[in-house]
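Below is one structure; the comments refer to it alone.
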Amino acid sequence: MDRRQFALSTIGLATALALPQTARARDRRYGGPNVILVRFGGGVRRAETIDEAATWAPYLRHVLAPRGTFIPDLRIDRLEGVNTSHAEGTLNILTGRYLAYRELPGAGDQLEPTEPTLFEYLRRSFDIPSHQVLLVNGEDRPQEEFFTFGAGDHFGVDYRSEMLSLHRYKLYRTAMQLAEGRLAEDQLRAVQAERAGLLTKDPRGATPDPSPAVAAFWARWRQDFGDTGLKNPRGDRLLTELGVRAMAELQPRFLMVNYQDPDYVHWGNPSHYTRAIAIIDEGLQRLVAAADADPFYRENTIFVITPDCGRDANPLAEVPFQHHFNSRSAHETWAVIFGPGIGRGIVDRPVDQSAIAPTIAAAMGFAANRAEGSAIDGALL
């Protein structure tokens, strides 16, 4: 039995292995809903996001939350060693486990998942090409370029998502510039140096080339925005642009958008934080409008919106809204889930962050069998 056959869905595995090869291939075609997972990232407090009167995200709170299941009390467990931070919180969401990561050797704060991610579960369970399982990442969070696959057994690069980010675009652009052979000598040296620096960002040396579909996506992006980096949107507006374009051009079945800009509050200005929340809210409007207008997504797409972590509520801190001190409010987040097959209402009890991954898995029809949590009661009809 080869690896691909072994990678059949964990649901009904024994039965599936007894079927003829044609039946297995037919059963592995994906026919469930699309999922768009939005990491409302950079760490946000409930007060500025889901408080009805004080929210800086009115579209999220007043329009999207009533469309489905609203979980105002999602909590990050206080296990020893669990940090309330962005990479860790994102991997809690993607794996359904705590502490399911390791530091990449010689890479500082770069983490690698040690348990399967939702991307890997999905692609191991169904025949979905890599360009239809996408992670959209921000230019200021390069350490999250490594969340597309983990180091677990029977998983890994063969079941990865593909990445859309400025880092990946620059890898594509520099490769094209060198292949085209039109650079002057000084420009050639500069592009060679730029590319060498980009390649050092992945200490695993395992950054795959983009698939033909993603390479074509980058070719169109380059045609529209050029090589300078001066024309394309920046910050979280860039992530929205990448996400909306990906929906139109690549039709991902599973799309994760890792917003990040609220973390600029570390510079000390609270307005950087609140304005960033509003920008994510504007991005949500574009993503949901794109899904509602596209027959591929309309009435067949589940949105899951949740933060990576909360933030501290100490008004005496020199720089407000930190998240590294393990305070109660840094462990307190929320989630909004809506779409076909999702119930409507407010979950009036605490829910653990580890429940997000198995809830998505149940909605898409596969088993996240290494997750610690379970699907959220009442979320799925």
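Structural remarks
- For region 36-91: rounded, prolate or oblate by the Cα gyration tensor [a/c cutoff 1.5]: prolate
- Percent antiparallel among DSSP beta bridges (both partners in the chain, rounded to 5): 35
- Anisotropy class of region 333-381 from Cα gyration tensor, a/c 1.5 cut: oblate
- Computed helical MRE - 222 nm, the chain, DSSP H runs ≥ 4 contributing -39500 (n - 2.57), nearest 500: -10500 deg cm²/dmol
- Working from label points 7 Å from Cα in the Cα-to-Cβ sense, the ALA216 to ALA54 distance is 5.0 nm.
- Cα centroid separation - region 247-311 against region 201-233, whole Å: 21
- With loop membership from DSSP and a limit of 14 other Cβ atoms within 10 Å, the longest segment of the chain without GluC sites (Glu not before Pro) is 81-298.
- Cα centroid separation - region 330-376 against region 54-77, whole Å: 14
- Rg and Dmax [Cα atoms of the chain; Å; Rg one decimal, Dmax integer]: 20.5, 67
- Anisotropy class of region 247-377 from Cα gyration tensor, a/c 1.5 cut: oblate
- Here is the size of region 37-135 from its Cα atoms: Rg then Dmax, 16.3, 46 Å.
- Computed E for PHE225/ASN300 - FRET, C-beta separation, R0 35 angstrom, nearest 0.05: 0.70
- Apportionment of accessible area to carbon and sulfur, the chain, percent (1.4 Å): 52
The values are calculated or read from the model by the stated rules, or taken from the named source; none is laboratory data. Bear in mind the structure is a predicted one, so any value in this text is a computation, not a measurement. Ideal geometry is used to build each Cβ from the backbone, glycine not excepted, and the neighbour counts take in all protein chains shown. Heads up: the accessible areas ignore ligands, DNA and RNA and are worked out on the full protein's heavy atoms, side chains in. Shrake-Rupley method; radii C 1.70, N 1.55, O 1.52, S 1.80 Å.
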